[in-house]
1. Fully extended, how many nm does the chain gain between residue 215 and residue 138 (0.36 nm per residue separation, minus their Cα-Cα distance)?
2. Does the stretch 2-244 classify as rounded, prolate or oblate by the C-alpha gyration tensor (a ≥ b ≥ c root eigenvalues; a/c under 1.5 gives rounded; else a/b over b/c gives prolate, otherwise oblate)?
3. Using only the Cα atoms of the stretch 111-203, build the gyration tensor, take square roots of its eigenvalues as a ≥ b ≥ c, and label the shape rounded, prolate or oblate: rounded if a/c is under 1.5, else prolate if a/b is larger than b/c, else oblate.
4. Can you give me the long-range amide H partners of residue 216? Hydrogens built in the peptide plane at 1.01 Å from N, cutoff under 5 Å, separation of 5 or more residues or another chain.
5. ³J(HN,Hα) across the stretch 127-141 via Karplus (A = 6.51, B = -1.76, C = 1.60, θ = phi - 60°), whole Hz, x for Gly/Pro?
6. For the stretch 2-244, calculate the relative contact order in percent as a whole number, restricting contacts to Cα pairs under 8 Å that are 6 or more residues apart.
7. I need the phi-derived Karplus couplings for the stretch 157-163: 6.51 cos²θ - 1.76 cosθ + 1.60, θ = phi - 60°, integer Hz, Gly and Pro marked x.
8. From a point 7 Å beyond the Cα of residue 78 in the direction of its Cβ, which residues of the stretch 130-167 have a backbone N at a distance under 17 Å?
Amino acid sequence: MRVVYILWLRQLIRYSRSKARIIGSLGQPVLFLVALGFGFGPIYQKAGGGNYIQFLTPGVICMGILFTALFTGIEIIWDRQFGFLKETLVAPVSRFQIMMGRTLGGATVALIQGIIIFLISFLAGFRPVDYKMIPLAFLFMFLVALLFTAVGTTIASLLEDMQGFQLIMNFLVMPLFFLSGSLFPLKGIPKVIEILSKLDPLTYGIDGIRGTLTQASHFGLFYDFSILVSITLIFLVIGTYFFSKIEI
């Protein structure tokens with residue numbers, strides 16, 4: 001467990017030292033929140049949907065978490081190219097502990113990113129319906145962060161160059177985000193989009209956060225939580241397997 005803690009702490013130190021990374025990762029979610037929230041807000045309200053900022057904010061929070069969590073995987077490739085990963089893997093500890101330390105560290109960083117966006121959303125006019133549900137919303141944020149950090153770790157374990165990783169991430173990120181119901185309600189959508197949305201694990205994270213913060217869950221909090229936990233455990237197992245197969 002000491003190794004897990006050290007690697008977790010290393011991820012947090014890396015994050016805290018990179019002010020450009022913190023600011024850069026906030027840019028796109030804040031732009032979506034302001035541009036779409038205020039741009040489409042009147043249209044959404046006229047269509048009978050209510051306050052669009054209230055609807056949009058959980059999706060924007062998950063957007064920030066998704067980007068940060070997935071791209072933490074690139075650190076594995078970086079460490080492999082510069083030799084740090086080799087030094088870590090030859091240590092007399094299990095690769096499972098190494099993988100868990102890195103994954104928990106990446107998930108914690110992504111969670112912090114989500115919390116920062118959550119706080120910024122108050123400036124845009126967002127208000128939780130029940131403040132007592134905020135800790136549960138943070139739990140959903142952490143599950144989303146853990147899931148997609150494990151996904152990023154899995155992909156990074158199979159690749160050796162950063163360019164290939166970035167191409168795959170760019171291919172994954174936008175479909176995951178746009179099909180998750182982050183920008184539009186899942187009720188009354190075409191059948192094909194509905195099926196794709198249900199296959200998208202981010203859908204359940206956003207729905208869970210939306211349910212806790214605005215009490216507007218589509219599937220139900222227990223269902224969202226069960227799906228997220230199940231998929232997260234699956235990807236943690238897959239990520240551990242492929243991480244253990246990395247050749248040094």
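Derivation of every value follows stated rules applied to the coordinates shown; laboratory data play no part. The model shown is predicted, which means the values in this text are computed figures rather than measured ones. Every residue, glycine among them, receives a Cβ derived from its backbone with ideal geometry; neighbour counts consider all protein chains shown.
1. Here the answer is 26.2 nm.
2. Cα axes put the stretch 2-244 in the prolate bin.
3. oblate
4. 211
5. Ordered by residue, 3J(HN,Hα) equals 9, x, 5, 10, 5, 5, 8, 4, x, 5, 4, 5, 5, 5, 4 Hz.
6. 26 percent
7. Here the 3J(HN,Hα) series is 5, 8, 10, 10, 10, 5, 5 Hz.
8. 149-150, 152-157, 159-167
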